[in-house]
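The values are calculated or read from the model by the stated rules, or taken from the named source; none is laboratory data. On a predicted model such as this, the values are computed, not experimentally measured, just so you know. Every residue, glycine as well, gets a Cβ built from its backbone with ideal geometry; the counts of neighbours run over all protein chains shown.
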Amino acid sequence: MGAMPIYTRTGDEGLTALVGGERVKKSTLRVAAYGTVDEANSALGLARSLLPSELAELDPLFDRLQRALFELGSDLATLKNSPAERHIARMTADDVAGLEAEIDRLEADLPPLKLFILPGGHPAAAALHLARTVARRAEREAVALAEHEWVNPEALRYLNRLSDLLFVLARYVNHRLGIAEPIWRARGS
């Protein structure tokens, strides 16, 4: 069996296939939402690649998050009641609770947040902030989609908690590495 070709030419006219085979324009809200989830996954992969060895204990969490984002993309790319639904894993309340548990676990080691911080610090933390903002964009796009079509409500909740977790992870990375968080100060202060 030969390797799958990377190009299929099936999207050359601006169409793509959802999970299940339904053809839609690449400009649809659904494609934008799951495409931005893919961007968030790539940004998270960048952050993961920048993690220093002293934070290797975070790698299993990053692995779980990246795999979950792949499943989230499939969730968003699958229409409700599509025959393909039985082949994908929809996001669940347990997935959201898992993110909340990670947030609580990591925050327990962090000093209280008293000021606004700027994205930055260690390169891995800065990349986590980038992943956070891409996740927020994915959430906005999924919410816009949900105004017109069915979207799994747990997928929306997952995206909301994910950006919270990525914020906490960025703080955690800087804290564990002894890097001061860049603080935002109002002009003139």
* Can you give me the number of residues within segment 41-81 that are farther than 26 Å from residue 178 by Cα, part of a helix (DSSP H, G or I) and aliphatic (A, V, I, L, M)? => 4
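Only one residue in 151, 96, 143, 134 is β-branched (Val, Ile, Thr) and closer than 14 Å to residue 39 by Cα, so which one is that?
On the way: 151 fails: closer than 14 Å to residue 39 by Cα; 96 fails: closer than 14 Å to residue 39 by Cα; 143 fails: closer than 14 Å to residue 39 by Cα.
Of 151, 96, 143, 134, the one residue that is β-branched (Val, Ile, Thr) and closer than 14 Å to residue 39 by Cα is 134.
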* Within segment 65-78, how many residues turn out to be in contact with a helix residue (DSSP H, G or I) (Cβ under 8 Å, 6 or more places away or on another chain) and at pLDDT 95 or above? -> 5
* To do: Return a yes/no flag: does segment 144-157 have any residue that is part of a loop (DSSP other than H, G, I, E, B), among the aliphatic types (A, V, I, L, M) and at negative phi.
  => yes
* Among the candidates 93, 108, 68, which residue alone is surrounded by 12 or more Cβ atoms within 10 Å (Cβ to Cβ) and hydrophobic (A, V, I, L, M, F, W, C)? -> 68
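Tell me the residue from 143, 168 that is β-branched (Val, Ile, Thr) and either touching a strand residue (DSSP E or B) at 6+ places or on another chain (Cβ under 7 Å) or surrounded by 17 or more Cβ atoms within 10 Å (Cβ to Cβ) (or both), please.
On the way: 143 fails: either touching a strand residue (DSSP E or B) at 6+ places or on another chain (Cβ under 7 Å) or surrounded by 17 or more Cβ atoms within 10 Å (Cβ to Cβ) (or both).
Among 143, 168, only 168 is β-branched (Val, Ile, Thr) and either touching a strand residue (DSSP E or B) at 6+ places or on another chain (Cβ under 7 Å) or surrounded by 17 or more Cβ atoms within 10 Å (Cβ to Cβ) (or both).
Against the condition over 16 Å from residue 47 (Cβ atoms), modelled with pLDDT of 95 or more, in contact with a Ser or Thr (Cβ under 7 Å, 6 or more places away or on another chain) and not polar (S, T, N, Q), how does residue 139 come out, does it pass? Explain how you work it out, then say what you get.
Details: over 16 Å from residue 47 (Cβ atoms): yes; modelled with pLDDT of 95 or more: yes; in contact with a Ser or Thr (Cβ under 7 Å, 6 or more places away or on another chain): yes; not polar (S, T, N, Q): yes.
Answer is yes for this residue.
This table checks each residue for (1) free of Cβ contacts under 8 Å to residues at least 24 places away in the same chain; (2) in a loop (DSSP other than H, G, I, E, B).
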site	(1), (2)
105	yes, no
112	yes, yes
127	no, no
134	no, no
165	no, no
* Hey, does segment 176-185 have a residue that's touching a residue at least 24 places away in the same chain (Cβ under 8 Å), within 20 Å of residue 43 (Cα to Cα) and either assigned to a helix (DSSP H, G or I) or within 16 Å of the chain's Cα centre (by Cα) (or both)? -> no
* In segment 95-119, residue farthest from residue 171 (Cα to Cα) [restricted to those that are at pLDDT 95 or above and either in contact with an Asp or Glu (Cβ under 9 Å, 6 or more places away or on another chain) or basic (Lys, Arg) (or both)] -> 95
* In segment 123-153, residue nearest to residue 113 (Cα to Cα) [restricted to those that are touching a helix residue (DSSP H, G or I) at 6+ places or on another chain (Cβ under 6 Å) and of a type outside the set (A, V, I, L, M)] -> 129
